[in-house]
Amino acid sequence: MSALLDATLKHLNALVSYDTRNPPREIGTGGIFDYLREQLPDFNVTVTDQGAGAVTLYAVRGKPKYLFNVHLDTVPDSPHWTSDPHTLRVTEDKAIGLGACDIKGAAAALLATAQSSKGDMALLLTTDEEANDPRCIAAFLHDKPSYEAIIVAEPTRCEAVLAHRGIHSVQMSFAGQAGHASGEQRPSDSALHQTVRWGAAALDYVERQSHERFGGLTGLRFNIGRVEGGIKANIIAPTSEVRFGFRPLPSMDPDHLLETFRTLVEPQPTKFTELFRGVSLPAGDIATAETRRLAARDIADELGIPVGNAVNFWTEAALFSAGGYISFVYGPGDIAQAHTADEWVSLDQLKNYAETIYGIVNRGSA
């Protein structure tokens, strides 16, 4: 094992031991942040509590060109873990622990790099990525310090991801009129019948988008996640509620998609609320997105980071892009291991990532 990997695993052991599950949103400025402060004595460190478990650590040494961002919160552990999820286990080829892949492994490598190098470096560590409530990055974008690019750590198998889908979640309701189900019904009588017709129309519409492409991604991703309503089989349903999500390509207009989904059938839903919006990466119209993608590719090439394919999952790199930064995603691990029982990251991936970041920082270009 290399000294840099040894140091990374030491830090990862400590980071995994801290409970940063989200939810519940109970992360404060002590605990893991006390540990982080101790590891960065030659950095100017600011820790800010944004409320509701959203805490930011912003650390700067020198005058760096790039900012490294990583979230420290994890999803809750499932009952299928075979050992304590907050105790790191290291085998010949894996490090196993809650958040090891998503994405405390990258945070550990950044700490190891910070301690083994004196180069200029900037870190933004946050704890609200898993909450769908990006307070930490919103606060950072309010001040908007100057950087040539922001490199966001997520599991990308040590490849630069320059583009990914957006993500939107919606709650909507239909209203009908309760009555005996033995009689003839109008289309507007049953809220559940309206819901079923809407679902069929939505699936047909999504199918018609299968020809759309951007950066290796194809079509519109769509999912009806929850349907509730009605009383019993012989009563016409007076109300129904639907929750659905969709993941557009960077080239798709989310507001146009929202209006299309809202107006697919008559009568239209009585309530239609967007619960969460995560823009695509790169953000902006088609021309702007392509300009930002090419700029990110040039930076990845300059830093010696191999460029991978666009991905379907969403990351907070899109928020930085929407804020006007050049941003891309780069981190150790495979997204297939994220959010799973006995979550793991390979030692080879950790070593690759740590050595790449060390090379960037040590040559004075970070």
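Miscellaneous remarks
- Taken together, 77, 73 contain a single residue that is closer than 24 Å to residue 59 by Cβ, in the same structural domain as residue 135 (by TED's automatic domain parsing) and in contact (Cβ under 8 Å) with a residue 40 or more places away in the chain, which is 73.
- Hits in the stretch 280-292 - residues which are touching a strand residue (DSSP E or B) at 6+ places or on another chain (Cβ under 9 Å) and over 18 Å from residue 149 (Cα atoms): 286
- Verdict on residue 237 being assigned to a helix (DSSP H, G or I), at pLDDT 95 or above, at negative phi and touching a strand residue (DSSP E or B) at 6+ places or on another chain (Cβ under 6 Å): no
- Some residue of the stretch 100-120 being in a strand (DSSP E or B) and either crowded, with 22+ Cβ neighbours inside 10 Å or of a type in the set (A, V, I, L, M) (or both): no
- Residue within the stretch 124-139 that is more than 27 Å from residue 19 (Cβ to Cβ) and of a type outside the set (Ser, Thr, Tyr) present: no
- If you go through the stretch 306-342 and keep only what is surrounded by fewer than 21 Cβ atoms within 10 Å (Cβ to Cβ), of a type outside the set (D, E, K, R) and over 25 Å from residue 251 (Cα atoms), you end up with 336, 337, 338, 339, 340, 341.
- Within the stretch 229-241, residues that are under 17 Å from residue 183 (Cα atoms) have Cβ atoms under 8 Å from residues that are part of a loop (DSSP other than H, G, I, E, B) and acidic (Asp, Glu) in these pairs: 236/189, counting only partners at least 6 apart in sequence or on another chain.
- Residue pairs whose Cβ atoms lie under 7 Å apart, sitting 6 or more positions apart in sequence or on different chains, and linking a residue in the stretch 299-318 that is in a loop (DSSP other than H, G, I, E, B) to a partner that is acidic (Asp, Glu), are 306/159; 308/159; 315/154; 316/129.
- Taking the criterion of being among the basic types (Lys, Arg), surrounded by fewer than 17 Cβ atoms within 10 Å (Cβ to Cβ) and over 18 Å from the mean Cα position of the chain (by Cα), the residues of the stretch 245-295 that qualify are 262, 271.
- Looking across the stretch 179-194, the residues that are closer than 11 Å to residue 238 by Cβ and out of contact with any Pro (no Cβ under 8 Å at 6 or more places or on another chain) come down to 179, 189, 190, 192.
- Residue in the stretch 84-98 that is in contact (Cβ under 8 Å) with a residue 40 or more places away in the chain and hydroxyl-bearing (Ser, Thr, Tyr) present: yes
- Any chance residue 301 is loosely packed, with under 14 Cβ neighbours inside 10 Å, modelled with pLDDT under 95 and assigned by TED's automatic domain parsing to the domain that holds residue 133: no
- Some residue of the stretch 92-114 being farther than 21 Å from residue 347 by Cβ and either under 25 Å from the mean Cα position of the chain (by Cα) or outside the structural domain of residue 136 (by TED's automatic domain parsing) (or both): no
- Cross-chain or 6+ apart pairs with Cβ under 6 Å, the stretch 11-32 first and free of Cβ contacts under 8 Å to residues at least 40 places away in the same chain, then among the aliphatic types (A, V, I, L, M): 29/47; 29/55
- Selected residue (only one of 78, 146 is at pLDDT 95 or above, assigned to a loop (DSSP other than H, G, I, E, B) and not β-branched (Val, Ile, Thr)): 146
- Residue within the stretch 239-256 that is of a type in the set (S, T, N, Q), over 29 Å from residue 184 (Cα atoms) and assigned by TED's automatic domain parsing to the domain that holds residue 178 present: yes
- Leading residue by the ranking (nearest to the chain's Cα centre (by Cα)) among those in the stretch 16-46 that are charged (D, E, K, R) and farther than 22 Å from residue 89 by Cβ: 25
The values are calculated or read from the model by the stated rules, or taken from the named source; none is laboratory data. What you are looking at is a predicted structure, and each value in this text was computed from that prediction instead of being measured. Positions of Cβ are backbone-derived with ideal geometry, glycine not excepted, and every protein chain shown enters the neighbour counts.
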